[in-house]
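Readers should treat all values here as calculations from the given coordinates under stated rules, not as data from a laboratory. On a predicted model such as this, the values are computed, not experimentally measured, just so you know. Ideal geometry is used to build each Cβ from the backbone, glycine not excepted, and the neighbour counts take in all protein chains shown.
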Amino acid sequence: MIRSKCISRSVTGLFLLGLFLLPGTLRGEAALKDGIYEGEHSFVAVAVTVTGGRMTEIRMTRHGGGGEKYAEMVRPLLVKMVEEQSTEVDGVSGATTSGNHLKKAVENALRKAATDD
């Protein structure tokens, strides 16, 4: 009985360790291929640089909605997405639509990095 509990705990521990070590694999995310990938959504276009399988830079190449004021408001999201290696970052108050379009444009670029289309 004690041996069975130890084995069960060991298996559970290994599983939980795997959740932390291989998050992309367990969630079904593909590895990103190095390169520069363009993505767009609505009035926003981006160029995402991938190096070593990670996003290293995101440049907004077009922002046609709301003018430069909104483009400047969402620029901090570019840094956050690179830092967190995710598009699931908090938005910017007052520029919700621009921020959402920016995130979708980055997601579209990352799809290309994952599938090399």
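General remarks:
- The base-10 log of I(q)/I(0) for segment 31-115, evaluated at q = 0.11, 0.20, 0.23, 0.24 Å⁻¹, reads -0.24, -0.79, -1.03, -1.11 [Debye formula, identical scatterers on Cα atoms, solvent excluded].
- The residues Ser98, Ser42, when put in order of fewest to most other Cβ atoms within 10 Å, stand as Ser42, Ser98.
- Extension gain, Val79 to Arg111: 0.36 nm times the residue separation minus the Cα-Cα distance gives 9.6 nm.
- Model label points for Glu72 and Ala31, set 7 angstrom from Cα along the Cα-to-Cβ axis, are 4.2 nm apart.
- Full extension of the chain segment joining Phe43 with Thr96 gains 17.7 nm, where the gain is 0.36 nm per residue of separation less the Cα-Cα distance.
- Ranked list, fewest to most other Cβ atoms within 10 Å of each Cβ, for Val50, Val106, Val79: Val79, Val50, Val106
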